[in-house]
Amino acid sequence: MTGLVIDDVSMTFELPNGGNVEALKNINLEIKEGELMSVLGPSGCGKTTFLNILAGFLAPTAGVMTLNGHNITGPHPERGMVFQHGALFEWMNVSHNIGFGPKMKGTPQVEIDAKVEELLSIVGLQDFGEKMIYEMSGGMQQRVALARCLANDPDVILMDEPLGALDALTREKMQSLVLDIWKKTGKTIILITHSVEEALLLGERLLVMAPRPGRVHKEYKLPFAELGVGADLREVKRHPEFGPTRDEILNMIWDMEEEIMGRTENA
Amino acid sequence: MGKEILDVLGVTLWMIVGIIGIFALYLAVSGLCYLVQRAYYRGRDRAKGYTSLKTVTFGDESAVTGNRMASVAAVITLFLFWGIATGSKLLPPILPQPFVGESAFEYTAVNAAGESATGTVLVQVNAADSDDKSKPDPASVVGASFAKTDVVVVAERRAKLVKVQSNDDGGDQDGYTVTAINGKPIAPEETVSFDDGDVFMTAKGSLSVRPATGMTMEALYLPPPEKVWERFIQLNKEGYLGVGLWENVFWSLIRVVVGFALGCLFGIPLGFAMGLNSWLRGWFEPIVEFMRPVPPLALIPLIIIWFGIGEQGKISLLFLAALWIMTIAARSGVSGVNIAKVHAAYSLGATKKQILTKVILPNSLPEIFTGARVAMGVCWGTVVAAELVAAEKGAGKMIIAASKFSLTDIVIIGIIIIGVIGYLIDVLMRIAERRLVPWKGKA
Ligand SMILES: Nc1ncnc2c1ncn2[C@@H]1O[C@H](COP(=O)(O)OP(=O)(O)OP(=O)(O)O)[C@@H](O)[C@H]1O
Ligand SMILES: [Mg+2]
């Protein structure tokens with residue numbers, strides 16, 4: 001079967017003082033090939049942990065995950081990751097960063113060059129191949145990170161707050177870019193964000209998680225991502241359902257944060 | 001014990017006063033130069049807009065940059081101070097110079113019979129570096145009494161004892177005393193001044209003649225700049241104790257380069273091993289953590305006992321000085337890799353080995369360069385100190401040998417060269433850093 005299946009996955013961190021944290025508890029999900037899913041939730045609800053498990057950086061304490069029928073047991077180029085910040089290689093220029101994955105596999109240099117050229121134009125950095133990473137702005141760096149991930153042609157792209165450090169305008173452009181890439185490549189994309197609007201725009205499916213233990217609280221099916229492809233995102237935000245859905249989710253998360261605060265105060 | 005502590009306190013207080021004095025003088029000159037500079041540049045080059053407010057951003061290193069003009073003026077001031085304090089011939093005399101030349105004073109003596117008479121003491125003060133063997137002629141003084149003319153030849157700033165009564169008629173009888181100098185009464189343990197100096201009478205009645213010392217420093221303590229320059233030219237040509245000036249410097253540098261290279265050769269792999277493997281980290285941690293705070297200079301005695309004073313000892317010492325610094329730099333470079341980079345590389349399909357060579361190693365380069373800069377500085381300081389203790393050749397050896405013969409000018413040349421080379425080493429390392437790890441501090 002194709003797609004990503006997450007079967008009863010739990011993650012418990014043992015703390016050095018003997019206690020433990022249930023970062024994730026009994027997560028069950030099926031994500032179809034080509035689906036665009038955004039994940040929201042209050043801080044500390046286990047979003048990063050969830051993504052790290054999918055990427056294979058962490059082994060879950062219980063449960064299994066399969067991608068296209070085979071088990072996930074560790075990191076693999078079939079699952080690419082885009083980090084929020086600091087994961088680019090500063091000692092390489094933009095082209096070498098993007099070509100890193102193919103190069104590690106031993107792809108011939110001519111093919112790498114062609115691929116890099118193509119990706120540079122997809123992310124809108126045609127003339128920046130020779131630049132060093134530290135010469136690029138934050139938004140440009142995230143474009144490089146995206147291109148580097150795409151260079152390996154992964155089946156699933158995992159993004160942990162990829163646009164979190166960008167200013168509003170750059171962020172909007174990058175959101176369009178993510179939608180474009182999603183539509184053009186047909187990849188499965190799972191994207192964590194702290195912005196409710198971004199989650200609405202970049203999620204056919206939107207997962208709201210709740211903390212302690214980390215679990216799926218509510219799921220939405222949304223039309224906005226499909227509407228946003230190649231369109232003005234500000235137009236999409238004027239959709240009659242956009243505002244009410246946003247407010248509903250905001251309230252939900254707000255209540256959860258309140259509850260956490262209350263609980264820590266009582267503790 | 002208590003008294004020694006008091007001594008330390010006393011010295012400290014005295015130093016505070018001295019330091020404040022020197023700083024105040026230096027700052028006063030600085031203020032003066034500033035006023036001159038401001039008057040000269042008034043309105044021409046005023047900082048515009050927000051730049052003028054930049055000093056407000058404390059902690060931002062780029063906010064205040066050194067004023068080039070101030071630096072130049074400061075160096076010139078230093079040389080001026082040096083010249084003035086040493087009575088340099090390049091400057092007009094500003095401080096009173098020590099007396100050199102011929103002078104004389106009269107003494108009044110009373111003999112055993114109670115008669116008094118005056119005699120003359122001819123004083124000839126020779127410059128410190130003169131080898132003039134001539135003496136004033138006592139016969140040049142006309143008029144005779146039982147107090148005969150005496151002659152004193154003394155080097156500038158030095159004192160000389162003269163027993164004026166020894167050549168006088170009846171001078172060896174009891175009761176023969178000198179009572180006045182140039183008419184001013186004198187008694188044992190008293191000092192009286194004459195035109196060009198002082199006369200002190202010892203308890204036994206001899207006179208100690210000290211020509212005026214002026215206020216400039218003696219070349220023995222601080223030679224004037226032109227003397228140092230002459231010596232520099234001479235050293236350049238002839239070397240010192242059979243070893244050329246630059247040969248000395250070259251030997252010090254060779255030791256540093258070899259010791260530092262050995263330190264890198266072993267320290268960097270060791271640091272990598274410690275950063276990557278917990279067994280090796282545990283294994284080497286005690287020795288590294290123990291050796292790190294031991295100043296290399298403290299090892300010199302042991303090194304001499306083990307290796308003697310040959311090259312092996314010095315190179316071993318420099319190796320040890322560089323080794324721990326490079327080990328720790330490489331270790332923290334490896335441990336400091338952002339885990340996101342490693343994760344990213346794994347997701348991109350890199351193998352463990354590829355992650356080591358393509359991610360962890362290049363990522364640690366900036367830290368290694370920082371360590372290398374520190375290590376070079378420490379090695380340079382250590383080599384000079386080691387040569388002070390024991391060496392055949394080297395910058396440190398040259399200055400310690402010169403100091404034994406009070407050749408202060410060579411010592412000063414040595415110190416200046418050591419400072420300049422230390423500075424050049426750091427500049428070179430910085431240039432290399434900018435070339436090789438341009439991303440440093442920009443991630
Ligand atoms: N290595 C770890 N050891 C112990 N506890 C951990 C570890 N990693 C995460 N946790 C705990 O697991 C919980 C979930 O953490 P996680 O980082 O997944 O949250 P998050 O939803 O990504 O938060 P944020 O939105 O702030 O990024 C938190 O309570 C956190 O303290
Ligand atoms: Mg997180």
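Of the residues A:ARG238, A:ARG212, A:ARG234, the single one that is within 16 Å of ligand 2 (Cβ to nearest atom), away from chain B (no Cβ under 13 Å) and at pLDDT below 85 is A:ARG212. Restricting attention to the stretch B:409-443, the residues that are part of a helix (DSSP H, G or I), open to solvent by 40 Å² or more (accessible area, probe 1.4 Å) and within 14 Å of another protein chain (Cβ to nearest Cβ) total 3. Selection of the stretch A:148-167 for residues being within 16 Å of ligand 1 (Cβ to nearest atom), over 17 Å from A:LEU201 (Cβ atoms) and more than 10 Å from chain B (Cβ to nearest Cβ) yields only A:ALA165. Keeping to the stretch A:87-102, report how many residues are in a loop (DSSP other than H, G, I, E, B) and more than 7 Å from chain B (Cβ to nearest Cβ). So the count comes out to 3.
When you scan the stretch A:20-69 for strands (runs of 3 or more DSSP E) that lie fully inside it, which ones turn up with 2 or more residues that are open to solvent by less than 40 Å² (accessible area, probe 1.4 Å), closer than 19 Å to A:TRP182 by Cα and modelled with pLDDT of 90 or more? Give the steps one after another, and end with the answer.
On the way: elements: A:20-31, A:36-40, A:62-67.
Filter on the stretch A:20-69 gives A:36-40.
The condition of being in the same structural domain as B:PRO138 (by TED's automatic domain parsing) and crowded, with 18+ Cβ neighbours inside 10 Å holds for only one of B:GLY259, B:GLY171, B:GLY183, B:GLY205, that being B:GLY171.
Conditions tested, residue by residue: (1) of a type in the set (Val, Ile, Thr); (2) more than 16 Å from ligand 1 (Cβ to nearest atom); (3) in contact (Cβ under 8 Å) with a residue 12 or more places away in the chain.
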site	(1), (2), (3)
A:THR185	yes, yes, yes
A:ILE192	yes, no, yes
A:LEU200	no, yes, yes
A:ARG205	no, yes, yes
A:ALA225	no, yes, yes
A:GLY228	no, yes, yes
A:LYS237	no, yes, yes
A:THR245	yes, yes, yes
A:ILE253	yes, no, yes
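All conditions but one from (1) at pLDDT 90 or above; (2) under 30 Å from A:GLU258 (Cβ atoms); (3) within 11 Å of another protein chain (Cβ to nearest Cβ) apply to A:GLN84; the one that does not is (1).
Given the condition within 12 Å of chain B (Cβ to nearest Cβ) and out of contact with any His (no Cβ under 8 Å at 6 or more places or on another chain), answer yes or no: does some residue in the stretch A:115-130 qualify?
Of the stretch A:115-130, the ones within 12 Å of chain B (Cβ to nearest Cβ) are none.
For the stretch A:115-130, residues within 12 Å of chain B (Cβ to nearest Cβ) and out of contact with any His (no Cβ under 8 Å at 6 or more places or on another chain): absent.
Scanning the stretch B:217-272 for residues that are touching a helix residue (DSSP H, G or I) at 6+ places or on another chain (Cβ under 9 Å), free of Cβ contacts under 8 Å to residues at least 24 places away in the same chain and assigned to a loop (DSSP other than H, G, I, E, B) turns up B:GLY239, B:GLY244. Taking each residue of the stretch A:43-64 that is without any contact (Cβ under 8 Å) to a residue 24 or more places away in the chain and within 12 Å of ligand 1 (Cβ to nearest atom) and looking for partners that are in a helix (DSSP H, G or I) and open to solvent by less than 50 Å² (accessible area, probe 1.4 Å) with beta-carbon atoms closer than 7 Å, six or more apart or interchain, yields A:PHE57/B:HIS343. Within the stretch B:294-310, the residues that satisfy the criterion of being more than 26 Å from the chain's Cα centre (by Cα) and either open to solvent by 70 Å² or more (accessible area, probe 1.4 Å) or at pLDDT 95 or above (or both) are B:LEU302, B:ILE305, B:TRP306, B:PHE307.
The values are calculated or read from the model by the stated rules, or taken from the named source; none is laboratory data. The shown structure was predicted, so the numbers you read here are calculated from the model rather than taken from an experiment. For neighbour counting, all protein chains shown are included, and Cβ atoms are generated from backbone atoms with ideal geometry for every residue, glycine included. Side chains included, ligands, DNA and RNA excluded: accessible areas come from the protein's heavy atoms. Shrake-Rupley method; radii C 1.70, N 1.55, O 1.52, S 1.80 Å.
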